[in-house]
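Below is one structure; the comments refer to it alone.
The values are calculated or read from the model by the stated rules, or taken from the named source; none is laboratory data. Quick caveat: nothing in here was measured; it's all calculated off a predicted structure. Because the Cβ atoms are built from the backbone with ideal geometry, glycine has one as well, and the counts that use them run over all protein chains shown. Quick note on the areas: whole protein, heavy atoms, side chains included, nothing else; ligands and nucleic acids left out. Shrake-Rupley method; radii C 1.70, N 1.55, O 1.52, S 1.80 Å.
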Amino acid sequence: MMLEKEERVLMTDSEAVKKQAEEIREMKLAYAVRAGVTKGRKREMKRIYSYGAGAIAAAAAAVFIVFSLTGFPNVGGNEILVQTASPKNVTDIELFRPAAARDQGFAAALEQGLVKPVNLGVEKNGVRIDVAGAVADGRNAYVLYSVQNHTKKAAIPIVESLEFGGVEAPSRWAESIYALDHFNSNEISPGETGYFVYKTNLSPTAKYNKDAKLSFKVWDTSANKYQEWLDVAFDLDSNMLKDNERVFYPDQTLTVASQKIKVRQLLYTPLQTYVDLEYDSANEKQIFNMINPVLIGKSGDQSEKLYYPIKMFNDESKTTLVYKCSKLERPDTASLKIFGIGAVNKEKLKLVIDLQKKEILEAPDNLLRIVPPEPDEKQGAGEIYLERTLEHAQVADSRSMWLDDSFTDAKGEKHKQLNPESLGHGGYVTSSKDDYSKDEKTYNFGKEAVNYPQPLTIKVNQYWIPLMDTQSVELIGK
């Protein structure tokens with residue numbers, strides 16, 4: 001293995017050995033921790049990835065067809081539903097505990113008894129939804145809710161939004177975590193009750209009041225349309241844990257692989273730990289991810305290392321690393337250590353293809369190639385299969401390739417890609433043992449695109465090129 005080989009080489013210098021061996025041990029431990037955290041999640045996602053982007057696009061098309069045939073759902077006009085107190089048998093906090101195994105913030109809330117009881121619900125046409133409780137730390141909100149299906153048909157409840165006095169919380173990274181052991185499903189069978197924890201980000205700059213409202217729509221699986229729309233209103237202070245926050249403004253700069261990363265804020269809350277980073281606009285590369293970012297803290301004789309944030313909220317200019325909550329009472333010192341970044345030169349974030357010749361003219365690296373279809377695969381005239389294999393992939397942090405859904409021809413005219421004609425090609429596979437990843441994508445330009453002015457250019461929204469460079473910066477000093 002590469003790391004063992006490095007350890008043997010480093011024996012030539014005792015000081016270098018001491019420093020590098022420590023880094024190697026930390027990297028191995030970090031990978032072990034990361035693998036343990038993500039193993040279950042990747043196992044759950046494996047079935048989804050096996051279908052690839054093609055299946056997702058086809059599913060979206062199917063939903064569009066359903067709406068085209070049935071019309072968009074009726075939101076219920078001026079109908080007013082009366083909220084009532086919830087029965088304890090569906091709002092007992094213990095019923096939601098299994099969800100804590102899948103979210104570190106919710107686990108911390110339960111461990112410290114921070115969930116505020118709500119116990120309010122509403123019922124419409126045999127579907128009753130009760131909000132059992134909620135908790136928020138200014139960055140994330142968790143709402144516990146149950147769904148009772150008293151109808152004779154299976155139903156799928158979907159959270160439409162969480163609002164605070166009309167101000168909607170971001171929904172981009174929101175998810176409903178099923179408290180029961182169902183595989184990636186929130187379908188409620190007739191006569192059954194489902195238990196969920198809705199998690200969503202909160203914008204640190206938004207002004208939220210305490211008038212919260214969780215809005216639902218319920219999909220009728222037999223009618224193939226949304227049948228019910230319900231709201232549950234309750235009080236929730238988005239900064240209810242503010243008195244227990246510890247916030248620091250390091251304003252430090254970390255330089256990794258010649259790219260500057262500014263550390264703007266370090267926030268400790270009872271639920272999680274947040275590190276706000278901003279990428280220097282002068283960087284020549286676009287950063288997509290951190291490799292093994294470790295938050296190291298010390299309070300008196302106590303020391304703590306928080307490995308790998310569970311979530312990273314990215315845009316092109318900044319990201320927030322979200323770690324589990326710190327066990328330190330009040331850190332005397334803290335530092336951030338990073339082993340590298342996933343980044344691509346901004347000028348190379350495009351894929352240029354001659355569709356007539358089926359050749360790649362430009363790409364972020366030379367590992368991406370067009371592959372022919374298998375004998376049993378149906379490929380459209382304007383469709384291509386892309387494949388990229390990467391060794392030394394840093395798989396614990398790796399991200400799949402993400403291409404824009406529109407492209408431009410040689411004259412600058414913009415076109416939309418079409419749904420793939422084959423669902424068999426596509427997926428993202430990694431191997432921790434071999435530190436290897438294989439990324440497959442289907443891109444359908446459409447048969448007319450063969451006659452467009454060539455070449456055709458696609459914007460690359462995400463691409464994984466690991467750049468190893470161990471650096472650290474002090475965030476809190478005595």
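Confirm whether ASP137 is charged (D, E, K, R), farther than 15 Å from GLU228 by Cβ, open to solvent by less than 70 Å² (accessible area, probe 1.4 Å) and at pLDDT 95 or above.
On the way: charged (D, E, K, R): yes; farther than 15 Å from GLU228 by Cβ: yes; open to solvent by less than 70 Å² (accessible area, probe 1.4 Å): yes; at pLDDT 95 or above: yes.
So ASP137 passes the test.
With of a type outside the set (Phe, Trp, Tyr), over 24 Å from LEU349 (Cβ atoms) and open to solvent by 50 Å² or more (accessible area, probe 1.4 Å) as the only criterion, which of LYS318, LYS305 stands out?
Testing whether each residue is of a type outside the set (Phe, Trp, Tyr), over 24 Å from LEU349 (Cβ atoms) and open to solvent by 50 Å² or more (accessible area, probe 1.4 Å) leaves just LYS305.
Go through (1) closer than 22 Å to PRO466 by Cα; (2) part of a loop (DSSP other than H, G, I, E, B) for PRO375 and report which single condition fails.
Unmet for PRO375, out of (1) closer than 22 Å to PRO466 by Cα; (2) part of a loop (DSSP other than H, G, I, E, B): (1).
Restricting to the range 458-473, give me the number of residues that are in a strand (DSSP E or B), open to solvent by less than 40 Å² (accessible area, probe 1.4 Å) and closer than 17 Å to TYR436 by Cβ.
The qualifying residues number 1.
Of all residues in the range 419-438, which are in a strand (DSSP E or B) and crowded, with 16+ Cβ neighbours inside 10 Å?
Pass one, the range 419-438, residues in a strand (DSSP E or B): 427-431, 436-438.
GLY427, TYR428, THR430, TYR436, SER437, listed by residue number.
For the range 439-451, check the following and say yes or no: at least one residue is within 19 Å of GLU377 (Cα to Cα) and either loosely packed, with under 15 Cβ neighbours inside 10 Å or β-branched (Val, Ile, Thr) (or both). I'd like the intermediate steps shown before the answer.
First, pick out the residues of the range 439-451 that are within 19 Å of GLU377 (Cα to Cα): 439-447.
From what is left, the residues that are either loosely packed, with under 15 Cβ neighbours inside 10 Å or β-branched (Val, Ile, Thr) (or both) are 442, 447.
Looking for residues that are within 19 Å of GLU377 (Cα to Cα) and either loosely packed, with under 15 Cβ neighbours inside 10 Å or β-branched (Val, Ile, Thr) (or both), one finds at least one in the range 439-451, hence yes.
Look at SER238 and say whether it is open to solvent by less than 40 Å² (accessible area, probe 1.4 Å) and over 30 Å from PHE288 (Cα atoms). So that I can check it myself, show each step before the final result.
Values: open to solvent by less than 40 Å² (accessible area, probe 1.4 Å): yes; over 30 Å from PHE288 (Cα atoms): no.
Here the answer is no, as SER238 does not meet what is asked.
Say whether the condition of being of a type in the set (Lys, Arg), in contact with a Ser or Thr (Cβ under 7 Å, 6 or more places away or on another chain), over 21 Å from ALA100 (Cα atoms) and open to solvent by 70 Å² or more (accessible area, probe 1.4 Å) is met by at least one residue in the range 199-221. So that I can check it myself, show each step before the final result.
In the first step, residues of the range 199-221 are kept if they are of a type in the set (Lys, Arg); the result is 199, 207, 210, 213, 217.
With in contact with a Ser or Thr (Cβ under 7 Å, 6 or more places away or on another chain) added as a condition, the list becomes none.
No, every residue in the range 199-221 fails to be of a type in the set (Lys, Arg), in contact with a Ser or Thr (Cβ under 7 Å, 6 or more places away or on another chain), over 21 Å from ALA100 (Cα atoms) and open to solvent by 70 Å² or more (accessible area, probe 1.4 Å).
Residue by residue through the range 184-213, note down the ones that are of a type in the set (A, V, I, L, M, F, W, C) and either over 20 Å from TYR226 (Cα atoms) or modelled with pLDDT of 95 or more (or both).
Applying the first criterion (of a type in the set (A, V, I, L, M, F, W, C)) to the range 184-213 yields 188, 196-197, 202, 206, 212.
Answer for the range 184-213, where residues must be of a type in the set (A, V, I, L, M, F, W, C) and either over 20 Å from TYR226 (Cα atoms) or modelled with pLDDT of 95 or more (or both): PHE196, VAL197, LEU202, ALA206, ALA212.
Being open to solvent by 60 Å² or more (accessible area, probe 1.4 Å) and among the aromatic types (Phe, Trp, Tyr) is the filter here, so list the residues in the range 389-418 that pass it.
Result: TRP402, single match.
So, in the range 83-129, exactly how many residues are assigned to a helix (DSSP H, G or I) and of a type outside the set (Asp, Glu)?
Residues of the range 83-129 that are assigned to a helix (DSSP H, G or I), as a first pass: 88-90, 93-102, 104-111.
If we keep only those that are of a type outside the set (Asp, Glu) too, we end up with 88-90, 93, 95-102, 104-110.
Here the count works out to 19.
Here's a check for you: in the range 337-376, which residue that is open to solvent by 40 Å² or more (accessible area, probe 1.4 Å) and of a type in the set (Asp, Glu) is nearest to ILE261 (Cα to Cα)?
GLU347
Look through the range 320-357, keep the residues that are among the small types (Gly, Ala, Ser) and part of a strand (DSSP E or B), and return whichever of them is farthest from GLY446 (Cα to Cα).
Ranking the qualifying residues of the range 320-357, first place goes to ALA334.
Let me confirm something: among GLY138, GLY191, which residue is in contact (Cβ under 8 Å) with a residue 60 or more places away in the chain, part of a loop (DSSP other than H, G, I, E, B) and on the phi > 0 side of the Ramachandran plot?
Numbers: GLY191 fails: in contact (Cβ under 8 Å) with a residue 60 or more places away in the chain.
Answer to the selection: GLY138.
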